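What follows is a short report on a single structure.
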Amino acid sequence: MISLEGTLEHITYHNEHNHYTVARLKTGSPKTSVTVVGFLPEAVVGEMIRLTGKWAMHQKYGQQFRFDAAEILLPATVDGIKNYLTSGILKGIGPSIAEKIVQKFGDETLVVIEDQPEALTQVEGIGEKKAALIHNQWASHHRVKAIMQFLQKNGIKASYSGKIFKAYGNEAIDIIRQSPYRLATDIPGIGFYIADKIAQNLGVETDINERTDACIRHSLKEALGNGHLFIYKNDLIERISDIFKIAPDAIDDAIETLRKSKEIIIEKHPGDETDGGGHAVYLKKMHKAEKTIAGRISALLSIPADPVHIPVETILSKIESRLIIALSTEQRRVLEDILKHRISIITGGPGTGKTTLIKSITAMHQTTGKRVCLAAPTGRAARRLSEVTNHRAHTIHKLLEYNFDDQIFGKNQDNPIDADIIIVDEASMVDTILMYHLLNAIPLTAAVVMVGDAHQLPPVGPGNMLADLITSEAIPVFYLNTIFRQAKESSIIVNAHCVRNGDFPQLNAMKNELHHDTDFYFINQQTPEDVVASIIDLYTKKLPDRFGLDPIRDIQVLSPMHKGIAGTINLNKVLQTRLNTHTSALSHNGNRFKVNDKVMHLKNNYQKDVFNGDIGTITNIDKANSLLSVDFYGRNVDYDINEIDELSLGYAISVHKSQGSEYPAVILPIITQQYVMLQRNLLYTAITRAKKLVVLIGAKKALAIALKNNKPQMRRSGLADRLQLNL
């Protein structure tokens, strides 16, 4: 590592939230001015600092010094102190006052400001209030610096320093010294392992109760990340003991302490005795969510449906006339039976008429004068739902009036959704927490219809809500099994059902002479390198030339993994190189964006009205101000330097990110090197994302692995048992 010393000459950019700073540093030896980039709280021009880091070359701005640590250097000479005071660091001290202070206290000036501020009143023009103001500014400014230096010495990345100071303020150092494991709970992104490292750096004993408690919390949160709502107690003890080398008895005692404080909940579940005697350990929040969901559903099941005063045949005839459709016998039966229930589920694979039923249910309730509300988990799914029904649809978060800043839901039991019938599409994507808030906000006077395909990937968040509700057999479930004639003509739909049932799909080899009499192709390639070469050829030449597809708008590569030659990271790089010839780019945190790049938004941003998985195109880049604009579905959205992390290249995306979306054409690499992620529901989800064309590239052996692997859907949840007990 290299150290640079100098004076901050100019602040080009400073983020008040995370303290990311771009500045010019004037060095004394050699005398020059350099650009420095890093995290620097309360950056002030005129301050002398020592930076530790390394040199890097920016494509446009040239050589920069990227620092990881910063240390304030206070002047020792009278002239240096005078210059320091007149630099503007301490407001209210002009050249005249600075001259008088230095004349009075000499090289002890800074000591007086810090330790004896009352002595400043001896200087003409400084009263008690001004003396206190100067001291408070000094203390506040240097306390932030001290906190940052303390954090850096203890192995905390500079990027976290701003979050920690925002959370703990001036007491940050004391709080961390006393309870380092609080960082794992209070500061997003730090996690247990970083907090544990800090505790060890500070000399905190590794077997204290606080560490054991932190290990339990960490393990339960890690389980949530894997989709589980609880861990069996014996599993939890064994895991913590093996990984963190803590005595089982100490873990057992800590679990009991957390149970008594109600931070965790332990319940007897009908689990296998080898899994811990069925003693399920929940975080309090997840236990409350699961129990409330079961309670709300049981309440809805106990209330009779509202009577319908119009003959059903009359309603169905009006629907057919209004939508210009002919309902099948199966669809008529479902529509008639749904009117008899306060809550119900419709499930089925592609081509079985789920969308037609949503349209029909919407029209049916409008015919009877009911207020209908349509919702879906993602922005893409909500847009698609609105398009096919010609009725306004919301994301569930927007329906619940989620406040992004305060992270609270405006709709709840006290302020319920104003509707008579709520239809939730893509219900397989709804996780436990979101379902908890949704059901809490649905009045018991309303009816609920959930529509989805439980064979798709489970939600990203914890739980497997749709599958659990169906498994419970507590809720009326309408299974759609008939594939309609038009759908039967699609190899995509036929093969999707083959995969859904665990059968090998019908593979049409893609040869040099592409034809249009099928919409499902397979290209046999054995090595990852050959798979990537085929993807490039298809994306850039064959599909655009022979099917008239636009690479950016119509073709989507889906991959089971992010890493590896055939993963999304590498595929995005190679496809960007081949498709986008622009030389000017904006680089940030390892990403390199160009105008006309296909990009994906990575998380829900309700302020921008852009959602996780939305695909857009970069329309403009302002490198001078680190800004870029993205066209999402005909609407331009601006991103500044702090928001660019919400974007990634979108030529290739993960199958998980594709949930709730549809694309004209899907290319899916499927190779044995991805065996960790090869699952039947993943393959099924990928295939069902395509509307017109699917191309699988890889090995039949990899297909066989995915078809056989139908176990990952199992997630630990007590919801089905709770609903059965409430019957």
*Condition broken by R211, with the remaining ones in (1) modelled with pLDDT of 85 or more; (2) in contact with a helix residue (DSSP H, G or I) (Cβ under 6 Å, 6 or more places away or on another chain); (3) not acidic (D, E) satisfied*: (2)
_For the stretch 115-127, which positions are in contact with a helix residue (DSSP H, G or I) (Cβ under 6 Å, 6 or more places away or on another chain) and in a helix (DSSP H, G or I)?_
P117, A119, L120, T121
*asked:* It is to be established whether one or more residues within the stretch 187-199 are modelled with pLDDT under 85 and either over 27 Å from the mean Cα position of the chain (by Cα) or among the basic types (K, R) (or both).
replied: yes
*Quick one: which of D414, D431 is under 19 Å from I293 (Cβ atoms) and open to solvent by 40 Å² or more (accessible area, probe 1.4 Å)?*
D414
*Evaluate the stretch 618-625: report whether one residue or more is of a type in the set (G, A, S) and open to solvent by less than 20 Å² (accessible area, probe 1.4 Å).*
no
*Answer with yes or no whether R722 is part of a loop (DSSP other than H, G, I, E, B), touching a residue at least 60 places away in the same chain (Cβ under 8 Å) and among the basic types (K, R).*
no
*Go through the stretch 674-692 and count every residue that is open to solvent by 10 Å² or more (accessible area, probe 1.4 Å), at pLDDT 90 or above and hydroxyl-bearing (S, T, Y).*
1
_Would you confirm whether or not the stretch 494-512 contains a residue that is open to solvent by less than 50 Å² (accessible area, probe 1.4 Å), at pLDDT below 90 and more than 30 Å from K708 (Cβ to Cβ)?_
no
_Only one of L438, L385 is in a helix (DSSP H, G or I) and at pLDDT 95 or above. Can you tell me which?_
L438
*Do we find that M561 is in a strand (DSSP E or B), at pLDDT 80 or above, more than 26 Å from V22 (Cα to Cα) and open to solvent by less than 60 Å² (accessible area, probe 1.4 Å) in this structure?*
no
*asked:* Please determine whether any residue of the stretch 58-65 is open to solvent by 30 Å² or more (accessible area, probe 1.4 Å) and either modelled with pLDDT of 85 or more or within 27 Å of L120 (Cα to Cα) (or both).
replied: no
_Residue match in the stretch 643-663 (condition: over 20 Å from R380 (Cα atoms) and touching a strand residue (DSSP E or B) at 6+ places or on another chain (Cβ under 6 Å))_ = yes
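Residue by residue, here is whether (1) among the hydrophobic types (A, V, I, L, M, F, W, C); (2) at positive phi; (3) touching a helix residue (DSSP H, G or I) at 6+ places or on another chain (Cβ under 7 Å) holds:
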position: H394; (1), (2), (3): no, no, yes
position: F404; (1), (2), (3): yes, no, no
position: G410; (1), (2), (3): no, no, no
position: M429; (1), (2), (3): yes, no, no
position: M435; (1), (2), (3): yes, no, yes
position: L438; (1), (2), (3): yes, no, yes
position: P443; (1), (2), (3): no, no, no
position: V449; (1), (2), (3): yes, no, yes
*Neighbours by Cβ (under 6 Å, 6+ apart or cross-chain): first from the stretch 610-637, more than 14 Å from N580 (Cβ to Cβ) and acidic (D, E); second open to solvent by less than 50 Å² (accessible area, probe 1.4 Å) and modelled with pLDDT of 90 or more*: D614/H601; D614/F632; D631/G616; D631/T617
_All positions within the stretch 104-135 that are open to solvent by 10 Å² or more (accessible area, probe 1.4 Å) and closer than 14 Å to T86 by Cα_ = L110
_Residues that are touching a strand residue (DSSP E or B) at 6+ places or on another chain (Cβ under 9 Å) and surrounded by 17 or more Cβ atoms within 10 Å (Cβ to Cβ): does the stretch 207-218 have at least one?_
yes
*Can you name every residue in the stretch 640-656 that is modelled with pLDDT under 90, under 21 Å from N580 (Cβ atoms) and either charged (D, E, K, R) or part of a strand (DSSP E or B) (or both)?*
D645, E646
*Quick one: what pairs do we get from the stretch 288-312, first residue free of Cβ contacts under 8 Å to residues at least 12 places away in the same chain, second open to solvent by less than 60 Å² (accessible area, probe 1.4 Å), C-beta under 7 Å, 6+ apart or different chains?*
none
_Quick test of your reading of the structure: I101 fulfils all but one of (1) touching a Phe, Trp or Tyr at 6+ places or on another chain (Cβ under 6 Å); (2) among the β-branched types (V, I, T); (3) more than 30 Å from A214 (Cα to Cα). Name the failing condition by number._
(1)
*Among the numbered conditions (1) modelled with pLDDT under 90; (2) in a loop (DSSP other than H, G, I, E, B), tell me where R546 comes up short.*
(2)
_Criterion violated by L647 - all others in (1) within 18 Å of the chain's Cα centre (by Cα); (2) surrounded by fewer than 17 Cβ atoms within 10 Å (Cβ to Cβ) satisfied_ = (2)
*Hey, among the residues in the stretch 478-493 that are within 28 Å of V448 (Cα to Cα) and either open to solvent by 60 Å² or more (accessible area, probe 1.4 Å) or among the basic types (K, R) (or both), which one's modelled with the highest pLDDT?*
Y479
*asked:* Given the condition more than 24 Å from the chain's Cα centre (by Cα), closer than 30 Å to I297 by Cα and either surrounded by fewer than 21 Cβ atoms within 10 Å (Cβ to Cβ) or not β-branched (V, I, T) (or both), answer yes or no: does some residue in the stretch 693-713 qualify?
replied: yes
*Could you tell me which of the residues H397, H365 is outside any loop (DSSP other than H, G, I, E, B), modelled with pLDDT under 95 and under 26 Å from the mean Cα position of the chain (by Cα)?*
H397
*Quick one: how many residues across the stretch 305-341 are of a type outside the set (A, V, I, L, M, F, W, C), buried (at least 20 other Cβ atoms within 10 Å of the Cβ) and either out of contact with any strand residue (DSSP E or B) (no Cβ under 9 Å at 6 or more places or on another chain) or more than 23 Å from I492 (Cα to Cα) (or both)?*
0
_Pair list, Cβ under 7 Å, 6 or more apart: the stretch 689-711 residue without any contact (Cβ under 8 Å) to a residue 40 or more places away in the chain, other residue open to solvent by 40 Å² or more (accessible area, probe 1.4 Å) and polar (S, T, N, Q)_ = K701/T672; A702/T672; I705/T672
*Name the residue, out of A441, A381, A376, that is under 17 Å from Y606 (Cβ atoms), open to solvent by less than 10 Å² (accessible area, probe 1.4 Å), touching a Phe, Trp or Tyr at 6+ places or on another chain (Cβ under 8 Å) and not hydroxyl-bearing (S, T, Y).*
A441
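The values are calculated or read from the model by the stated rules, or taken from the named source; none is laboratory data. Note that the coordinates shown come from a computational prediction; the quantities given were computed from them, not determined experimentally. FYI the Cβ positions are ideal-geometry reconstructions off the backbone, even for glycines, and counts take in every protein chain you see. Accessible surface is based on the protein model in full, side chains and every heavy atom, while ligands, DNA and RNA are left aside. Shrake-Rupley method; radii C 1.70, N 1.55, O 1.52, S 1.80 Å.
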